[in-house]
1. Filter region B:333-362 for residues that are part of a loop (DSSP other than H, G, I, E, B), away from every other protein chain (no Cβ under 13 Å) and touching an Asp or Glu at 6+ places or on another chain (Cβ under 8 Å) and give the result.
2. Got a number for residues in region C:70-96 being more than 24 Å from B:ALA519 (Cα to Cα) and either under 19 Å from the mean Cα position of the chain (by Cα) or basic (Lys, Arg) (or both)?
3. Give me the residue from region C:311-327 that is touching a residue at least 12 places away in the same chain (Cβ under 8 Å) and out of contact with any Asp or Glu (no Cβ under 9 Å at 6 or more places or on another chain) and, out of that set, surrounded by the fewest Cβ atoms within 10 Å (Cβ to Cβ).
4. Going by the structure shown, is B:GLU144 acidic (Asp, Glu), part of a helix (DSSP H, G or I) and within 11 Å of chain C (Cβ to nearest Cβ)?
5. For B:LEU466, are the conditions met, namely being over 42 Å from the mean Cα position of the chain (by Cα) and aliphatic (A, V, I, L, M)?
6. Filter region B:146-166 for residues that are touching a helix residue (DSSP H, G or I) at 6+ places or on another chain (Cβ under 9 Å) and free of Cβ contacts under 8 Å to residues at least 60 places away in the same chain; which is surrounded by the fewest Cβ atoms within 10 Å (Cβ to Cβ)?
7. Go through region A:68-79 and report how many residues are in contact with an Asp or Glu (Cβ under 7 Å, 6 or more places away or on another chain) and either at the interface with chain B (Cβ under 7 Å from one of its Cβ atoms) or of a type in the set (Phe, Trp, Tyr) (or both).
Amino acid sequence: MTTMHHDDSFDLTTVRDEAGDPRIGIVGALDWDTADDLTRTASACLGADPAPRRLSLDCARLTLCDSLGLASLLMIQRRAAEVGTLLRLLNRPPSLQRILEITGTSDVLAANGAETGELTPPEPDRATTGAPLPPPQT
Amino acid sequence: MSSVGASWMRAPYPALVVDAAGAVVEANTRAAVLFPRATRGAWLEDVAPRWLTEAHRRAVADGTDSLGHVGGEHGEWSLEAYPTTGSDGHVVWWLVDDTDRLLAERALRSEQERTAFLADASSRLLASLNTERCMEVTVELAAEYLADAAVLVAPATGKRHPLATGTGGRVTHHSLRIDPAMVPGLAEALQGFPPVPSRWIDPAALPGWAVPEGFAGPVGSVVVTPLPGHGVSAGALILLRRSDQAVFDASEEVFARVFAARAGAALSAARLYGEQTGITATLMAELLPPALRQVHGVEFAGGYRASKDSERVGGDFYDVHPGAGTDQETLAVLGDVCGKGLEAAVLTGKIRNTLHALLPLAGDHGHLLRLLNGALLTSRHTRFATLVLASVRRRGSATHLRLTSAGHPAPLIVRNDGTVELADTSGTLIGALPEVRSSTTHLTLRPGETCLLYTDGVTEAHGGPLGDTMFGESRLRAALAECAGMPAEAVVERVQMLVSQWLDDNRHDDIAVMAITAARTAHLTAVDGHTAGRYTA
Amino acid sequence: MTRSTTATDGRPALRRARRDLWRAVCDRDEHAARQAVFTCLDTGTGAEAVLLDVIAAVQRKVGTEWAADRFTVAQEHAATAIHDRVIAAMAHHVPPPEPRPGAGTVTVACVDGEWHALPARILNEVLRHRGYGTEFLGAQVPTPHLIAHLHQTAPDALALSSSIATRLPDAHTAITAAQAIGVPVLAGGGAFGADGRYARLLGADAWAPDARAAAAVLDARLPRPRTGAVRQTLEDLPHLADQEYTLVWRSKRQLVKNTLGGLETRLPAMRAYSEEQRERTAEDVAHIVDFLAAALYTDDAGLFTGFLTWTGDILQARGVPARVLDPGLALLGEELKDFPRAADFLARGRATLDDRSATPPSPTPSLDT
């Protein structure tokens, strides 16, 4: 583990959840520099024999997801579908939620409906309220 | 009578004995070589240089001890003269030949000059990455410092050789069909063989093109030296001197080669740069956004600002495919390709070509997007594109739009009263998922109203007065509310300007904007006729 | 040159064209604008006179109308867009001649961050009509792109345009970089000062107050710089050694934040500001800091006080007293009290605002003087 978390730092931590399935915590920005890391890490989990029942990506500390980050999520989803693993995107921050909605991928990259109740609810869509963005937390 | 003995005559140093009145009394063997006319009784001032005559006068007046020694030049020699007092008020001048030292100093000075010249030449040669300019500087420097004129022969492009010729501070460029074999050593130099010694080249045998216009007088001597490039020859340099000038000596030939090596390196750097930018330009030409104009009463204006972070070029694009006639729809597309650099560029190119091929099917956006998705889908990656399709047709004062978003931020509509509406369309991104869905919206623009298509580089621009805020959709809406009734270009310019000011000097993604505006005055002018064909990719 | 008309031939036609174009621009009627210009051209007025004495003149009036709050930003943009299109249409109506052999090639570009492309575009057209081979790179040209382009094309001169003094540091970079590769630079536009003082300060090879003067400079041919080495900024501007510019520029965001915070404690009215009003205020403060930085860069207090005088006029035209700027300047002065030059400029700025509250703003020039 890294000792210091700079704004730009990116980190992936894989743990087992209560059911013994892999859960990858994403810290930092998922972009051109880091998307491949996530694809590799997730693909390694999916490549296990037997394949896990489900794979969770914990996005609580995801600060940014650009188009290459989204491409990585789509690739992981594709591979998960191939091996019959259920992919869950947990704790999706509003910015990620918004990208998924605009790109029409929120149903493909689902939070796994049944379990969303226990997660942070998504914030209201800025586009509909028309309110300016709050400044990012520092 | 002789004040000195026979051994004096054989002394290893020249010595002159001069009386108080300034007449030569005696010169030893070596002095006689230096001063052949210094016979007994000759006046010193007639046979020796002035500095020695003057020194003698002072030595007689003040005594030799106070004078110390003097020095000066005499013909091709450099001498030091030490006076001692002889009998009868005679002064014996002992002369030391320090010509070698002087020559060494001169050589050193010229070496320093050459080094300084090379340093200056290098920085001037390397200043420009433009091949012509670089040839020019080479010829200019060579004609100024190395010779009376210089001709640079670059390797042939096609059947012609680019040439730069210079003399008297003027450089001209030519492109000529020449036979390098006409100049001895030139063909070899162009292939990078070692230079032919200048004495082997007969100036009379030079062809006319090798002597620059305005060269005064017949050619006396010629040096041909290769310009070594990186791996291949960068050309050859011909140096010319007039017949009234000294011929090139060996050290000058060596120096010309040293200079040529620097010029060759600079030239090949410039050539490499030119080739690379040429290749990039060819690649980019296909990807550059087209200049947009009015089509059948509808204005299309586009603005594109590439990310400065060139490695991360996202690949935003837009296109307008004008309808064949006023009753045909014009299809406008604006999109954003995921990825960076060449990969993104290749995907952009593929999308634009496929869309062009699918134009006849533009009547059904959903169908067109499904076909496009099928064409882009690959098992190798999930790189995708998001885009907006806009089919536009003006009928009288009503401009009808069909808009479909494929995973892209929905367009904004600017009404004449300043209201800004979000187009009600959404859909799936293209190229990553086996199935795509989309919803199309129909709307009408009145003259002066605008539909704005944009990429997320606009809304995600990071900056503002405090430096840490996203531009966001609400600011874009507020900006557009001020653009009611503006021509398409003005809307684009306004949005670009605000985003750019918002960014200040921050890093940013590609930013693309397209305004589709129902012209306020729909005069179908000649411009349409001139430019209609230009939109088709 | 032969195309330009004499004063007596052109004057009534030009005056009529200005009147018609102005009316068309106010009505946002592109067709009428084109007619106004074409009629003028068709009655024998040269393209250069139409570009400079009609289009540029009307565009100047647009600027003064905006300053006097008689034109909105939207109207100003619309007018510029119409002028742009009219110029494009002119190129079809009276095509410029093929470049004269030996006339030289000129690249015309705006400094990075400069959005006002019309003056540069007009110069470009004037030069084309005079037989130059030109390339127009447009607004906001990033300096690396500009230099790459100059390497590729090696023009005889670069005509560099900038209207806002805050872009002077960018202009300086572009000037030294172009000269280092042997391209002389002709600077023009309001940013370089009414007398071109900043063009000289930044080492431009020449400066011209308008397009005709620029063409005259180019006609006389600018010698190529022979340095081959990039001049260091400090060689031109030794005062930058005190780092004040660098530090102010670098801490700009923090300065704006602190000043904004200070204003909120000092001016109770600000606490009731909407988010948007607060953002406008932050933008105003950022603007002041930008000009302060430019003044530090050029070591010219006049650049800063001149900006404040101008801003005061703009505010006054909109019914806002210029003294609203004072608390911000005072707070910045406290923030920058350890920077002697910055503190001095801010003090002079406050004094300028103090003086001007007594004197009325200068009258706006009319179109036909």
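1. Across region B:333-362, the qualifying residue is only B:ALA362.
2. Within region C:70-96, residues that are more than 24 Å from B:ALA519 (Cα to Cα) and either under 19 Å from the mean Cα position of the chain (by Cα) or basic (Lys, Arg) (or both) number 1.
3. Only one residue tops the list, namely C:PRO321.
4. Against the criterion (acidic (Asp, Glu), part of a helix (DSSP H, G or I) and within 11 Å of chain C (Cβ to nearest Cβ)), B:GLU144 does not qualify.
5. no
6. Checked region B:146-166; the qualifying residue surrounded by the fewest Cβ atoms within 10 Å (Cβ to Cβ) is B:ALA156.
7. Qualifying residue count, region A:68-79: 1.
Yes or no, residue by residue, for (1) modelled with pLDDT of 85 or more; (2) surrounded by fewer than 22 Cβ atoms within 10 Å (Cβ to Cβ):
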site: B:PRO290; (1), (2): no, yes
site: B:PHE300; (1), (2): yes, no
site: B:SER307; (1), (2): no, yes
site: B:TYR318; (1), (2): yes, no
site: B:GLY325; (1), (2): no, yes
site: B:GLY339; (1), (2): no, no
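The values are calculated or read from the model by the stated rules, or taken from the named source; none is laboratory data. All values reported here derive from a predicted model rather than from experimental measurement. Glycine gets a Cβ as well: all are built from the backbone with ideal geometry, and neighbour counts include every protein chain shown.
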